[in-house]
Structures are given as structure tokens and as C-alpha cells.
């Protein structure tokens, strides 16, 4: 089962290798937020509102491209069963889109295996 994403997870504007290494040129970090009461090893779980619309820092798209600045949408993966106040928690593998030119794709590494969900 996929691991649940938390505030301790790594969320980047760029795909990740299976080992969790970002693939250039997009390697910006998504600044996540969460006040969810459900925690894993002391870290609140991530919901769609934790990532969608959030700022991205450090994207390295070379000119004439435009670096990613914010998350525009979350495509997958939301839990079908694990909810916090009616909102599904986010799971690995996370996919989505970041505002940039070319547009970045989101990637995430949970950095925990204690809590998994479907």
C-alpha cells in the first residue's frame, strides 16, 4: 500500500527517481502546510489544501524558461478510505502540475513507512 504524505515528506516540482532523487531541471521545493490532527511520527498528514496553490522555491528551470512558482493542481493520489474531516489524505506517488514554463510535474517522497492507506 502507498505511504501517507506528511509535513516530513519531500514534495518537489519535478519527477523523482525511484530513490527519491529529483530529476532536473525542475527541482523546486513545495512549501507545504497542514494543521491536520492526524499525525505520523509527530508530523501532520498532508491534504490537498496542504499542497494546492502553495509556493514553490528553488526551481532551477534555465532561461528562456520560467521557474515554477506555485502548485496549480493535484492529479493523484488521494486516499479512498483515510480521511481527515472529510478530506482524503495524500499518498505516494503524488502527481500534479506546477506553474512554470515549461510546466512542472509534482513528485513526492513520503519519508515514512509507518502509515499506509488505499
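The values are calculated or read from the model by the stated rules, or taken from the named source; none is laboratory data. These numbers were taken from a predicted model, which means no experiment stands behind them. Cβ placement follows ideal geometry from the backbone for every residue including glycine, while neighbour counts extend to all protein chains displayed.
Some values worked out for this structure:
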| quantity | calculated |
| --- | --- |
| Meets criteria (free of Cβ contacts under 8 Å to residues at least 24 places away in the same chain and either in contact with a helix residue (DSSP H, G or I) (Cβ under 8 Å, 6 or more places away or on another chain) or not in a strand (DSSP E or B) (or both)) for residue 88 | no |
| Positions within the stretch 1-35 being at pLDDT below 85 and either touching a helix residue (DSSP H, G or I) at 6+ places or on another chain (Cβ under 8 Å) or part of a strand (DSSP E or B) (or both), in sequence order | 16, 22 |
| For residue 40: the one exception among (1) on the phi > 0 side of the Ramachandran plot; (2) buried (at least 19 other Cβ atoms within 10 Å of the Cβ); (3) at pLDDT 95 or above | (1) |
| Residues located in the stretch 36-55, provided they are within 16 Å of residue 8 (Cα to Cα) and in a strand (DSSP E or B) | 39, 40, 43, 44, 45, 47 |
| Leading residue by the ranking (nearest to residue 33 (Cα to Cα)) among those in the stretch 63-75 that are more than 10 Å from the chain's Cα centre (by Cα) and assigned to a strand (DSSP E or B) | 70 |
| All positions within the stretch 93-104 that are in contact (Cβ under 8 Å) with a residue 60 or more places away in the chain and buried (at least 19 other Cβ atoms within 10 Å of the Cβ) | 94, 98, 100, 104 |
| Whichever residue in the stretch 21-37 is closer than 17 Å to residue 105 by Cβ and surrounded by 15 or more Cβ atoms within 10 Å (Cβ to Cβ) and, among such residues, is farthest from the chain's Cα centre (by Cα) | 25 |
| Residue check, residue 81 within 19 Å of residue 1 (Cα to Cα) and not in a strand (DSSP E or B) | no |
